[in-house]
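FYI, it's all coordinate maths here, none of it is from the lab. Nothing here was measured: the structure is a model prediction, and the numbers come from that model. As a convention, Cβ positions derive from the backbone with ideal geometry for all residues, glycine included, and neighbour counts pool all protein chains shown.
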Amino acid sequence: MARRFVSGRPHHLGAIEAAQSAPQWRPRRFAITHDTDHAPLWTALSPAPDALPASGRARAVLDCIKEHGASFFDEIVDGSGLLAPQVEEALAELVALGLVNSDSYAGLRVLLIPAEKRKRLGQRRRRSIGFGMEEAGRWALARRARVQPGDAEMGASEHVARSLLRRYGIVFWRLLEREADWLPPWRDLMRIYRRLEARGEVRGGRFVAGFSGEQFALPEAIGLLREIRRKPDAGAMLSVSGADPLNLAGILTPGAKLAALTGNRLLYRDGIPIAMLSAGEARFLESPEPGDEWAARKALLRGAVPKALIAIS
């Protein structure tokens, strides 16, 4: 498989191996962020919540919450006149539209877990979470923080630029291909990075070969890249979800892309993609060694993750 190189190592090792060796850079999706201190900046960039129409059931749940205020799940079921599964679907829709949120992350986690995998009261089931919608807290209308126009244009964009640097260590236009479409365009981010470079906070240069345009990096990321370049290949495998930002196959590497779906998986070995799992079918991107195919397939299907990343997940 053809590969581009940076100083003698495959160019995508910087984005992938740096994440393995520096857990503090573990990528996180922007859709659900723990950055509550900067919530006004994120909401200033996100689409307006009334951009998409809600279904009839979602409107019924929304009207119930508007009338009674923050409510527990069983109160919403009683007030809306809907069945419990219908209220769950309506809440998931309202959360996706940015109209409703929960007073704890438990409520959001419950919506992401199929009902059959939840452990009901008095039941014991392997591989299930220990609570259901009834224990997920209250649901209330989501409030969009008010920001001044200047803050929305400058403060929010700079915060996003810094967040992307913390996520990847190095940023350039191609790396951000799968980021949310409501984030600032690269031309705006580039102006911010140039300003940060002038302040001495980031480094500009050509850190990853094979891509045109300007590139910017955190000073500590450059040291990690040099360290990775000197390391011999160890055969370390990392399996990530297709929805993970580290799904860079076909973006930083030649070959086909893997759809950003949670059911898909991508397997790296020493920072190089070697196998994909899509629609339940495993496909190798390069011919594995006779003794390595079984281990690679096992790591891909089971989603093997280094202990350093498990500890912070």
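Structure summary
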item	result
Lone unmet requirement of (1) touching a strand residue (DSSP E or B) at 6+ places or on another chain (Cβ under 9 Å); (2) at negative phi for G235	(2)
Flag for E227 being more than 23 Å from L189 (Cα to Cα) and part of a helix (DSSP H, G or I)	yes
Qualifying position, being in a helix (DSSP H, G or I) and surrounded by 21 or more Cβ atoms within 10 Å (Cβ to Cβ), among L189, L238	L189
Filter result (within 32 Å of the chain's Cα centre (by Cα) and buried (at least 16 other Cβ atoms within 10 Å of the Cβ)) within region 73-88	F73, I76, V77, Q86, V87, E88
From L196, L176, L183, L218, residue being buried (at least 17 other Cβ atoms within 10 Å of the Cβ) and either among the acidic types (D, E) or farther than 30 Å from A260 by Cα (or both)	L196
In region 265-283, the residues that are touching a helix residue (DSSP H, G or I) at 6+ places or on another chain (Cβ under 8 Å) and surrounded by fewer than 16 Cβ atoms within 10 Å (Cβ to Cβ)	A282
